[in-house]
1. Which FRET efficiency, nearest 0.05, do Arg411 and Lys131 yield, Cβ-Cβ r, R0 56 Å?
2. Say R0 is 22 Å: what FRET efficiency, to the nearest 0.05, do Glu362 and Asp309 get from their beta-carbon distance?
3. Grab the beta carbon distance between Ala31 and Leu11, set R0 = 30 Å, and tell me the FRET efficiency rounded to 0.05.
4. Along Cα→Cβ, 7 Å out, is where each label goes; now give me the distance between the ones at Gln54 and Thr93 in nm to one decimal.
5. Could you list, in their original order, any pairs among Lys144/Lys227; Lys112/Lys671; Lys144/Lys310; Lys43/Lys301; Lys239/Lys690; Lys28/Lys293 whose Cα atoms are separated by more than 28 Å?
6. Test of understanding: what is the full-extension gain from Gln145 to Glu423, defined as 0.36 nm times their sequence separation minus their Cα-Cα distance?
7. How compact and how long is region 97-172, expressed as Rg and Dmax of its alpha-carbon atoms in Å?
8. Per the Kirkwood formula on distinct C-alpha pairs, the Rh of region 251-303 is how many angstrom?
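The values are calculated or read from the model by the stated rules, or taken from the named source; none is laboratory data. All figures in this text were calculated on a predicted structure; none of them were measured in a lab. Ideal geometry is used to build each Cβ from the backbone, glycine not excepted, and the neighbour counts take in all protein chains shown. We work out accessible area using only protein heavy atoms, side chains counted, and drop any ligands, DNA or RNA first. Shrake-Rupley method; radii C 1.70, N 1.55, O 1.52, S 1.80 Å.
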Amino acid sequence: MIPESFIQDLLARVDVVDVVGRYVQLRKGGANLLGLCPFHNEKSPSFTVSPTKQFYHCFGCGAHGSAITFLIEHTGASFPEAVRTLAGSVGLTVPEEDRRSPQQRAESARRKEEVSRHTQALETAQAYYLKQLRASAPAIRYLKQRGLTGEIAAQFGLGWSGTDRQGLMQVFPRYDDPVLVESGLVIESEDGRRYDRFRERIMFPIRNARGVLIGFGGRIIGKGEPKYLNSPETPVFSKGQELYGLWEARQAIRLEGQVIVVEGYMDVVGLAQLGIGNAVATLGTATTPDHVKKLLRASDKVVFSFDGDKAGRRAAWRALQACLPLLRDDITLRFLFLPDEHDPDSYVREFGAEAFRACMAEAPALSRFLLDELGQHHNLGEAEGRAACLHEAKPLIAAIPPCALRIQIERELARQVQLTPEEMSQIMAQQAKPQPYGAPAEAGQPARAAESRSAAGAGEVGDGRQDGDGGPPAEPWAPSFEVPGYLEGDFDGIPHDYEPMPDPAAGPGPAGGAGQQGWPQRKPGGGGFGKGQGKGKGGWRRENEVGGVIEPRRSVPTLAKRLLHLLLSHPELVDTMGDQQLEVIDRGPHLGMVRDLIVLAQSSGARHLGALLEAADPESDIHLVLRSMSAEVLGQEELPHPQAEWEDALHRIEFDSLRAEMAELAKGGLKEASDRERYQELAQRCAILKRA
């Protein structure tokens, strides 16, 4: 934990003008300096930096803060990383108080060493691929044929894997090092022989939101399958959570004020070559809620660009379903469908960048795409067709959080099916509680999505049949292809009847007992995320505000309350967290308050309860929750292994969300190749979590 006194001393020594000036071109404007704001798109400078007050402020978008805040917002660094960067620039050493036990420090060091070994192996391979590209005339010729220059290839770090089956042996002293297999660079056959995973491919390095190399994508330039090949799931890389080009596009996204989602690596690189640098791509998988969360962190305006054929519209429908639970009134999501003969790269080459931007501006909003897609599959001229359309729309609208946009969509749908707003509200009030993100339906078959969601809500997660039915599922559980070790049996040691963590808001149930299957139980005194939880409170209550318990506007279920207790009792945990852990928390139901606490601690530097209360907005939910929990936290004993407790909780949250998504995919029959690939990825990740 970094002492707050050190933060104040650091800010007194660091010049905010120097820090901001590394990223923004500034010019003198009276007592302050002016420049174009890096946080939104503008043509006239409204971004000012004050040398006397040592802060920056944008009169256009309201961005405001210190040198530390600027690094966090502009580069994506965490609070500790920003502090260490600034301290190094002025020759200071960060004094960090370490309250962890020797066992915790050893475990943390082991994990950091593991990540470091993977990163070093990937960086070594990247250097080899870059060197190979410079010496390969066929690879250079291919890139030139695609219209790419050496500058854009260098910007994205493009390389060439070479043709040697064991080319990496040239740069790794130990080709039999286990880390080469663990990091996905090398494949080991059943007979023990090893060979490079990537051969005869243009290599695209994949970096996370902080710019750290975590994997590769490779495109073959000759004949062969698959055309695109990604790194496998590893301890540092998960395709369902990463977006290609997000790191490289971060500046352009801020300048353009929006982010474009395209289908492949070459689309991203090709658009950047043509002056559109704010494009990213999913890594050969359908759009997931994790992808959408990352996109919305990057920008409040997102345009999904898909082909206009059946496959493209199906991919768009799946992306729409991933977006629904994350909709807010302050974001804009659009869906752009190009003519069948064009992808984004070819369209811009033929018509120009401004024509493409005009197409994006005119692309249908999510609400329009949703209603049009539903309406196209029913005869809205007759009562039966309108009723069927409404039946399919209800679970989709129910997945949208309460907001003005949801009300607008409900009213648009009411007009479409000839109902009054009051009748629509009454019908929606009867809709069952929305389920977590599940199996996306095909664009032409939204009814299947509704049926799948209804089945998921009626039965146990993963059982594949409706509650009390006892018969076969509506969609066949067993798909028509073989996935050894994952479709049948135990999921690599995880019992088939595993019950997920209960939703605390749903009350007691069979999954809520202490003997949860599939996970080892903590010993008494080491589990439960701390002592003193519960104590007969039975939830939050409202008393007078002087010394009483204040009820927050958002409910805080049991699991969230446990994690809040753990973080407040062991604030050093916040310093070990990164984007990946926040993404896992985002997957858990009702854990928004936990994320709010982490973000508050990281952005303010406060760790102890009193400092956090001072840093929080007095009118915010998190401030009310901290006040109400103060007595319990102060009287709570410290856990012997808080880091292990925290990681165990994250593993369980992620595990439950993965199993739920696998169950939904299986209900759809896994007929699409992308579904089968996603199912295998999820199963492999479950196995990794189980071994962790």
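1. Values: r = 60 Å, r/R0 = 1.08.
After rounding, the FRET efficiency stands at 0.40.
2. On the way: r = 20 Å, r/R0 = 0.91.
After rounding, the FRET efficiency stands at 0.65.
3. On the way: r = 20 Å, r/R0 = 0.66.
Efficiency at R0 = 30 Å is approximately 0.95.
4. Distance between the two pseudo-spin positions: 2.3 nm.
5. Values: Lys144/Lys227 19 Å; Lys112/Lys671 40 Å; Lys144/Lys310 31 Å; Lys43/Lys301 18 Å; Lys239/Lys690 19 Å; Lys28/Lys293 38 Å.
In this structure, Lys112/Lys671; Lys144/Lys310; Lys28/Lys293 lie more than 28 Å apart at Cα.
6. Values: separation 278, 0.36 × 278 = 100.08 nm, distance 5.89 nm.
Once the chain is fully extended between Gln145 and Glu423, it gains 94.2 nm.
7. Both quantities, over Cα of region 97-172: 18.8, 58 Å.
8. Values: mean 1/r = 0.0894 Å⁻¹.
For region 251-303, inverting the mean 1/r across all distinct Cα pairs yields 11.2 Å.
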